[in-house]
1. List the GluC sites (Glu not before Pro) within the range 191-277 that DSSP assigns to loop and that have no more than 14 neighbouring Cβ atoms inside 10 Å.
2. In deg cm²/dmol and to the nearest 500, what is the mean residue ellipticity at 222 nm of the chain if only DSSP H runs of at least 4 residues count, each as -39500 (n - 2.57), divided by the residue total?
3. Enumerate the calculated ³J(HN,Hα) couplings along the range 265-276 in order (Karplus 6.51 cos²θ - 1.76 cosθ + 1.60, θ = phi - 60°), each rounded to whole Hz, writing x wherever the residue is Gly or Pro.
4. Once you have a ≥ b ≥ c as the square roots of the Cα gyration tensor eigenvalues for the range 19-128, tell me rounded if a/c is under 1.5, and otherwise prolate or oblate according to whether a/b is larger than b/c.
5. If you take every residue apart from Asp133 with its C-beta less than 14 Å away from the C-beta of Asp133, what net charge results, scoring Lys and Arg +1 and Asp and Glu -1?
6. Looking at the range 199-322, what % of the alpha carbon pairs are farther apart than 20 Å?
7. Can you quote the Å³ per residue value for the convex hull of the Cα atoms in the chain, rounded to an integer?
8. Using Stokes-Einstein with the Kirkwood hydrodynamic radius over Cα pairs, what translational diffusion coefficient do you get for the range 181-269 at 4 °C and a viscosity of 1.567 mPa s, in µm²/s rounded to a whole number?
Amino acid sequence: MKTLRRHSISGMAKQRSRHDDRPGISPVDIAEHNSRTTLRLLRRRGALTRQELSKELGLTEPAITGIVRRLALAGLVTESRRSTTAHYTAAEFGLRGEARYSLGARIGKHDGEIVLMDLAGQIVGRQTVATSDDLIAAFGDLRREAGRGQLVGCGVATSPDAFINRQQIETALAGKGEALFFLDDTEAAIEAERALGIGDPEGGIVMILTDCSVRAGLLIGGRVFRGIHGRAGQIGEMRSGIDGASLNDVATLSSLEAGSAGKDDWVATAARHLHEAVLAISGFIAPGAILIGGSLPGDVFDAVVARMSQERDDKIRGLVIAPWIPQIRCATFPWAGVAHGAALRPLDAMALPDARL
């Protein structure tokens, strides 16, 4: 499994003047891209040497020296010494977590949470919310905890049935001074997996979330696929099986809590219908990883994933599906990943130093 794809930019574009008005990639674009990629790599892998950064990013060591120097001058990266087996030390570079902070909010149908994340991806504060007043109070508390001038923005990830809409959130947080970024909760969960979880596997990711409804996030070719109308992944009304039930009817937290059948029967039914959805999606995009997350209790998640894996193996033995469809796995952060991914968005967008300086 790949941990990170090489996305550095080089070649003829480097020769373009930053004052060149022609369309295309400028040296400033290149510097920002390579700096952002370096920050992401250090967040995912921890401290790395010039040689390791050069290998991962596909850049020369002198180019790496320029990148880490600029990031160090901005206060984002620190240098330390690493002992090696060859009896000498090498310089390694790691992120200064306290240099920047961001907020990440998950807003669902009945409640939500806000986390405070540092530049290294560590969660240093967390509060739950259930009303717009809670949201304002939690934002204020965590904003003060971050410290003046260190908070770069707030990412807000919402479910389709969130208890507060975007306009209300913008009004509630207006005048705070930090940038707001809005994204779907499935997209945020994928962001967390790419940055802090499984990475970016060949073939992309299908992320299924289930709480009050069932929905899916699709990562294809390194990009989140939203569809022409922005409704890609809204699979809750998908009907399957001999009973023709929808996923929202049989695979949600509310159906688990309200069902008269026992937990084992609910798991069997939910897993069967979820697996049918996975087969339908996989037939089109052939993902490298299929993950499931949401607000189900941990033991129920484990049971559903195990049952879906059994369904897959049974169908492979029966020659019903292609064996290359991957095993369904529990997400690295089954529910917390939504807030984590939301917090990563402003860090990626706002934490860079000005490449023109």
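1. Those that pass, being in a loop and sparsely packed, are Glu202, Glu237.
2. Values: 11 runs with 142 residues, N = 357.
Helices in the chain give a 222 nm mean residue ellipticity of -12500 deg cm²/dmol.
3. Working through the residues one at a time gives 5, 5, 4, 4, 5, 4, 5, 5, 6, 5, 5, 4 Hz.
4. Values: a/c = 2.66, a/b = 1.32, b/c = 2.01.
In terms of gyration-tensor shape, oblate.
5. On the way: positive: none; negative: Asp111, Asp134, Asp141.
Residues close to Asp133 contribute a combined charge of -3.
6. Values: 3190 of 7626 pairs.
Percentage above 20 Å: 42.
7. Numbers: hull volume 62.6 nm³, N = 357.
Taking the convex hull of the Cα positions in the chain, it is 175 Å³ per residue.
8. Values: Rh = 14.4 Å.
Translational D for this selection: 90 µm²/s.
Laboratory data are not the source of any read-out in this text; all were calculated from the coordinates shown. These numbers come from a predicted model, not from an experiment. We place every Cβ from the backbone using ideal geometry, glycine too, and count neighbours over all the protein chains shown.
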